[in-house]
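> First the structure, then my questions, so here it is.
The values are calculated or read from the model by the stated rules, or taken from the named source; none is laboratory data. It should be emphasised that the depicted structure is a prediction, and the values quoted were computed from it without experimental measurement. Here the Cβ positions follow ideal geometry from the backbone for every residue, glycine too, while neighbour counts run over all protein chains shown. These accessible areas exclude ligands, DNA and RNA; they are computed on the full protein's heavy atoms, side chains included. Shrake-Rupley method; radii C 1.70, N 1.55, O 1.52, S 1.80 Å.
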Amino acid sequence: GQLPTWLQGILLRNGPGIHTIGDTKYNHWFDGLALLHSFTFKNGEVYYRSKYLRSDTYNCNIEANRIVVSEFGTMAYPDPCKNIFAKAFSYLSHTIPEFTDNCLINIMRTGDDFYATSETNFIRKINPQTLETLEKVDYSKYVAVNMATSHPHYDSAGNVLNMGTSIVDKGKTKYILFKIPPSVSEKEKKNSCFKNVEVMCSIPSRSLLHPSYYHSFGITENYIVFIEQPFKLDIVKMATAYIRGVNWASCLAYHKEEKTWFHFVDKKTKKEVSTKFYTDAMVLFHHINAYEEDGHIIFDIIAYTDNSLYDMFYLKNLTKDFEEKNKLTSIPTCKRFVVPLQYDKDAEVGSNLVTLPSTASAVKEKDGSIYCQPEILCEGIELPRINYNYNGKKYKYVFATEVQWSPIPTKIAKFNVQTKEMLRWGEDRCWPSEPIFVPSPDAREEDDGIVLTCVVMADPKEAPFLLVLDAKTFKELGRAIVDVEMHLDLHGTFIPEKDLKFDTE
């Protein structure tokens, strides 16, 4: 096919690449060593390259020819030949775990720099053109977090907004919202943006020893939207996981009898809205978008009624008949919550405070808290992306992968949240990755542009390819077939040519 002439830049993707080292194997797909891959678009041609992230974790494992650094689903143990004192010492030093820098989930941009990220306190700077691994940054040196999300937000001033959990502070577990400014000046270049990290707000965890697990958060023009879900980490179990010989993932539990709490932080005052808003228990990984309308915050998420998704990706379940055998016990559901920030304080108990046309409701309870129920927009989509120029604003389109009852995506979908129409692209035995929307340079409408996705074939003998779709019609514009083994990956980003620095540092 033909690629639009304006498409110049790099699609950069990240995900787990290698699961066996020597005689050892990771237990979980999300533990694999990070593999970066990129498609460079230049004058109508596409160039592919891939490279393992040369993290400290990668180097230690390769050197020892076995897994020596623990990942979330795989606990690594010291060499049994080591003497008993060394062993006892390493048990003690694992209380607050030394996390891995195997940054395999996403790509984050700060100023002119790009980082591979995961959910620990480490990120790795990379060169998006050569995929070389550069310095390691430890968030905890600049802000008191032990973990941070892989889905930061970017504001119009070029700041990065992110959230992390702090479990170190004398049992005062809290969620911290922080802002990384873009690099200040050439002189202060060296990691300077991290020296100027600002803590915007901290939200105490409802339970000191059981903070909520979260993978992303939402943002509107004036507010940050954080959902404290009853899918929680058990800190005591985590601290003793090493001694007990279990992995950290086993310290996550879903408490389906508990509520899910919504927190809204005012960006200007840096304070949390005092009204307590909640909904029923749910598990969510991905926020889609959020915006404000007539005194309400509207946010769209993809939610589950249990945590079966994570368990499916244990490698023992990823057999060749994976698609037939593994069925999600909860289908991903796209939910829209409509939360009235401004409402009549004298409204009757039991009345619905939502005044916008929506089937979502927000009902006032006796104690003054507000119970929210969502409008169901659609089912069966995951890895959602939007036109990021519409982030925090009223919008129409979600680009996502379609997953029915199996967690492996089989189609790409474009969903209109206003009309509920869905367009799909799919071919037999094709597994597409998260679709990324790239707006055209003279875009007038939200869906003026293209959608990029990497497609892996269910049959390893068939070559994978990069697919380019017209975002409006969802018709195929072209595909670039890649003559290498390509892996299913997680997340990525498109870097327009103008944002690439061609320096050789």
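> Once you've got the Cα coordinates, tell me which of K141/K237; K174/K271; K259/K366 are over 18 Å apart.
Working: K141/K237 25 Å; K174/K271 14 Å; K259/K366 16 Å.
Distance filter (> 18 Å) returns K141/K237.
> Rank-order 255-268, 206-219 by packing density, defined as the average count of other C-beta atoms within 10 Å over each peptide's residues, highest first.
Details: 255-268: 16.6, 206-219: 19.9.
For the peptides 255-268, 206-219, the packing ranking is 206-219, 255-268.
> If you don't mind, there's one more thing I want to ask. At what distance in angstrom do the alpha carbon centres of region 409-458 and region 15-73 lie from each other?
Centre-to-centre (Cα) distance: 26 Å.
> Counting helices only, and only those DSSP H runs with n ≥ 4, report the 222 nm mean residue ellipticity of the chain as the sum of -39,500 (n - 2.57) divided by its residues, in deg cm²/dmol to the nearest 500.
-2000 deg cm²/dmol
> Further, regarding this structure: So, taking all protein chains as they sit and a 1.4 Å probe, how much accessible area belongs to D311, in Å² rounded to tens?
Surface open to solvent at D311 totals about 70 Å².
> Write down the accessible area per residue of the chain in Å², having rolled a 1.4 Å probe over the full set of protein chains.
Per-residue value: 44 Å².
> Over the chain, consider all pairs of different Cα atoms and compute the Kirkwood hydrodynamic radius from their mean reciprocal separation; express it in Å, one decimal. Can you show the working numbers first?
Numbers: mean 1/r = 0.0421 Å⁻¹.
For the chain, the Kirkwood estimate is 23.8 Å.
> Would you please name the GluC sites (Glu not before Pro) within region 97-170 that are DSSP coil residues with at most 16 other C-beta atoms within 10 Å of their C-beta?
Working: sites: E98, E119, E132, E135; in loops: E98, E119, E132.
Those that pass, being in a loop and sparsely packed, are E98, E132.
> Here is a further query. Based on the inverse mean of 1/r over its pairs of different Cα atoms, what is the Kirkwood hydrodynamic radius of region 194-311, in Å?
Over region 194-311, the inverse of the mean reciprocal pair distance is 15.8 Å.
> Also, quick follow-up: So the label point goes 7 Å from the Cα of E421 along Cα→C-beta, right? Which residues of region 389-405 then have their backbone N under 20 Å from it?
Only 394-402 fall inside the zone, counting backbone N under 20 Å.
> Report the relative contact order of region 9-499, percent, no decimals, based on alpha-carbon pairs under 8 angstrom and at least 6 residues apart.
Relative CO of region 9-499 lands at 11 percent.
> Heavy atoms only, probe 1.4 Å: what % of the accessible area of the chain goes to carbon and sulfur, would you let me know?
Working: 11690 of 22290 Å².
C and S atoms contribute 52 percent here.
> Let me ask something additional. Mind putting together the pair-distance distribution for region 302-459? All Cα pairs, 5 Å bins, whole percent per bin, short to long.
Pairs per bin, as whole percents: 1, 8, 14, 16, 15, 14, 11, 9, 6, 4, 1, 0, 0.
> May I pose another question? Show me 285-291, 340-346 ranked by packing, highest mean number of other Cβ atoms within 10 Å first. List each step's numbers first, then the result.
Working: 285-291: 22.9, 340-346: 13.0.
Peptide ranking by packing, descending: 285-291, 340-346.
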